[in-house]
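Here's the structure we're looking at; comments come further down.
The values are calculated or read from the model by the stated rules, or taken from the named source; none is laboratory data. From a predicted model like this one, the values you see are computed outputs, not experimental measurements. Backbone-built Cβ (ideal geometry, glycine too); neighbour counts: all protein chains shown.
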Amino acid sequence: MVGKYVHKSEGDLKGSATWGEVDSYTGGGYIEPLPHLHNSTEAHIQEFCKRLQDDGFIDGATRALFFDLVLLSPSEEHFAVVSLVGQHFGAPICVRTRFHSFHRHLNRV
């Protein structure tokens, strides 16, 4: 891929292989950090995705997109890790989600 997008190996990213609905994927690939989503609108997210298409990050050869999000609620001492996998093989996009929720009890002074 030409431009600012550089392929990273599984070792570079400290990733691991994962299974989707129709194929498996190594822990490597092209990475583009999501924009800061606090106070974002649907239009902001659509603009981000459109830019990825215009830049050639998402094209006809794209097999899958992975979105990993960390959600934090400091007042509740609670966070969640959400992984979304969108796969496309000439058919409608197949989306799989994984949701891991953690609650940490801190000793307050």
Worksheet item: List, please: which pairs have Cβ atoms under 6 Å, are six or more places apart or on different chains, and start with a residue in the stretch 50-76 that is free of Cβ contacts under 8 Å to residues at least 12 places away in the same chain and over 19 Å from His38 (Cα atoms) and end with one that is of a type in the set (A, V, I, L, M, F, W, C) and part of a helix (DSSP H, G or I)?
Response: Ile58/Leu52
Worksheet item: Counting only residues that are more than 10 Å from the chain's Cα centre (by Cα) and of a type in the set (Asp, Glu), which one in the stretch 55-83 is surrounded by the most Cβ atoms within 10 Å (Cβ to Cβ)?
Response: Asp55
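Hey, among Val6, Val82, which residue is farther than 29 Å from Phe102 by Cα and in contact with a strand residue (DSSP E or B) (Cβ under 8 Å, 6 or more places away or on another chain)?
Testing whether each residue is farther than 29 Å from Phe102 by Cα and in contact with a strand residue (DSSP E or B) (Cβ under 8 Å, 6 or more places away or on another chain) leaves just Val6.
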Worksheet item: Which one of these is within 27 Å of Ser101 (Cα to Cα), at pLDDT below 80 and not aliphatic (A, V, I, L, M): Gly27, Gly20?
Response: Gly20
